[in-house]
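Here's the structure, in structure tokens; my notes come after.
What follows draws every value from the coordinates through simple rules; no lab data is involved. Everything numeric in this text was worked out from a predicted model, so none of it was measured. For neighbour counting, all protein chains shown are included, and Cβ atoms are generated from backbone atoms with ideal geometry for every residue, glycine included.
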Amino acid sequence: MRLSRRGFGLGVAGVAVAGAARAAGPASGSDAGLTAFLDAAFEQELALEPERLSYMGRKTAYDRLTDRTEAGRAARLAWRRKSVAEMKRRFDPARLGDEARVSYDIWALELGRAEEAYRWRDHVYVFDRSGDHTGLPNFMINIHRVDTPADMEAYVARLAAIGPALDVDLDLARRAAAAGVRMPRFSYEQSRTEVKRVTTGAPFDGGPDCALFADAKQKVAALKAAGKIDDAKAAALVAAASQAMTGKMKPAYDRLDAWLAQDMAHASAEPQGAGALPNGQAFYAAMLRQQTTTEMSAEEIHALGLAEVKRIRAEMEALKAKIGFAGTLEEFFVFMRTDDRFYVSNDDAGRAKYLDLARGYLAGMKARLPEFFGRLPKTDLVVKRVEPYREEPGGAAHYSSGAPDGSRPGTFYVHLADTRATPLYEIEGTAYHEGWPGHHLQISLAQEMTGQPVFRTQYNYGAYAEGWGLYVERMAKEEGFYVDPYSDFGRLGREIWRAIRLVVDTGIHAKGWSEAQAFAFYTANSPQPVGKIRSEIRRYFVSPGQACAYKVGMMKILALREEARTALGARYDKRAFHAVVLGAGGLPLPVLEVRVRRWIKTQAA
């Protein structure tokens, strides 16, 4: 899932909890003043990031991309330092109400995150699977909405700006490589394949339209069909898009591909974790703090993962026996990976069937949502296959948020390049995690939230969002879903997958595990197809710490729920608990903990 476009930074166990845990005091006029200050500051932040404005459905600076240069990065950091300093000068946190104090502390926390992001900017793998070489075409196709001729002219301007943006990225990648920071060789190979996909076809050659040019033509055709432009204007816009792509964009992709081909020889054929990078252990510790929003060490996370794998395996053994399979759990894994009943055909008909099944599960869940939640979002949800130019066999499904104004629905994306890497027994849990009542419900409710500073509707934290997604997979079981025992085993498979991540991610980056070691542990404890396992492990190599957010977040939410049930007894209400967890936007886990405990105390009084 794409949780945030904000980068990474420090943990929050100190600053956020210190503020949120202060003795509750009555709200004062300062609360309204702080909200006004933060809303103005957030507008200043957005003005520095045109792409984020577009994600929010707004068309300000619609012909520009966010400045990726070193000067642009430094300017954004300098602005945040100034903003936080001004907030601290003008507002006394001791005089703020509870929610205002949370806003104050999160805004201050974001400076630490920005400082840390800037410190480690040379450690980021610029052109991994989520790099701009695929991210910018995806942004143009799925985010840049065209409703008017001016919107299409802005689209063309942004096409032309992709080339300079990639050149800036390339300079950063070169600088990182010179400092000894290179992504694994498989990422070079994958990125070159992705570059070829983006730049193959018209207008670059005589083949069928490439995905981006086809999108440009489709958007122009829609303007023409709506009577907003005539034939001559349509032809001119298509020609302008073609010129921007061939004259500005393609040369930058060629430069990128040439560098990837040349530098790949210096990359390790055997992938290595963050620990092998210069000052790699400190970098990985920072990534764990940011992703989990805790101070848990790699050793603690590794131990937690091993304990959870052991617990979930016991549940799997019990369900295997209930199903009636006579062999070992490992043999059952092989059966689940290989039996044809668990896969759709590897063609368009099979892919359509898979998407229809996902939509069916979502419809069944949506009908029952009022039982579990008092407030539901207005934003629509669609299910789509990942676009071919960025699709990979076994890639993880993910969610892209809708626009706050409802102009763009939330999207649940599925990789279906190889349906043998996407088993049917995982569809149900995946649908709940990415759609209803998972990421789509949580993020949409946050974006539609009122009565808080606007930034609170947009900021998010991996452990909170991914923890929620995994929590609702468990909740669905408790509420009577997963009627098919194989689907229920798929749920356990998805949970043990997240526990395996704790072990494998820390194994790779803190203990120096090889790809083979990670693969052996993963396959011994998961029914997932081999292709998906390989894709997952490679994801961990290039995204240190991200995979640890899910299980850590889920276990915190479950622990808080149990705390509430124990304290409140018959007065515990699941809809009220969910309202507390979801009612303040994305939160660092320590801030969520304080919020829930404050609610428990109020309810128990």
Self-check item: Mean projected area in nm² (Cα convex hull; one quarter of hull surface) for the range 509-584
Solution: 7.7
Quiz item: Ranked from highest to lowest mean number of other Cβ atoms within 10 Å per residue, what is the order of the peptides 463-472, 563-572, 372-381?
Solution: 463-472, 372-381, 563-572
Quiz item: Between Ala318 and Arg58, what FRET efficiency comes out of the Förster formula 1/(1 + (r/R0)^6) with R0 = 41 Å and r the beta carbon distance, rounded to 0.05?
Solution: 0.20
Quiz item: Using the scaling law 2.2 N^0.38 Å as the reference, what is the normalised Cα Rg of the range 21-129?
Solution: 1.25
Quiz item: For the range 184-256, what is the relative contact order in percent, using Cα pairs closer than 8 Å and at least 6 residues apart in sequence?
Solution: 27
Quiz item: Tell me, what are the semi-axes, in whole angstrom and largest first, of the equivalent ellipsoid of the range 212-254 as set by the roots of 5 times the Cα gyration tensor eigenvalues?
Solution: 23, 10, 5
Quiz item: Which translational diffusion coefficient, to the nearest whole µm²/s, is obtained for the range 113-246 from the Stokes-Einstein equation, given a Kirkwood hydrodynamic radius over C-alpha pairs, 20 °C and 1.002 mPa s?
Solution: 131
Quiz item: Ratio of the range 442-482's C-alpha Rg to 2.2 N^0.38 Å, to two decimals?
Solution: 1.44
Quiz item: Along each of its three principal axes, how wide is the spread of alpha-carbon positions in the range 47-94, in whole angstrom units, largest first?
Solution: 42, 26, 11
Practice problem: Would you mind checking which residues have amide H under 5 Å from Arg385's amide H? H placed 1.01 Å from N; only 5 or more apart, or other chain. | Solution: Val414
Practice problem: Work out the FRET efficiency for Lys511 and Asp92 from their Cβ-Cβ distance, taking R0 = 35 Å, and round it to the nearest 0.05. | Solution: 0.15
Quiz item: Over the chain, what is the mean sequence separation of C-alpha contacts under 8 Å (at least six apart), divided by residue count, expressed as relative contact order in percent?
Solution: 18
Exercise. Provide the percentage of antiparallel DSSP beta bridges, counting only those with both residues in the chain; round to the nearest 5.
Key: 35
Practice problem: Take the alpha carbon atoms of the range 172-248, find their center, do the same for the range 487-549, and report the distance between the two centers in whole angstrom. | Solution: 33
Quiz item: Rg and Dmax of the range 254-401 over Cα atoms: what are they, in angstrom?
Solution: 22.0, 58
Self-check item: MRE, 222 nm, helices only [DSSP H, n ≥ 4, -39500 (n - 2.57), over the chain, to nearest 500]
Solution: -20500 deg cm²/dmol
Quiz item: Cα centroid distance between the range 372-397 and the range 77-152, in Å?
Solution: 23
Exercise. Report the percentage of all Cα-Cα pairs in the chain whose separation exceeds 32 Å, rounded to a whole percent.
Key: 49
Practice problem: Starting from the Cα of Lys601, draw a straight line to each of the lysines and keep only those under 20 Å, dropping any in the same chain fewer than 8 residues away. | Solution: Lys556, Lys574
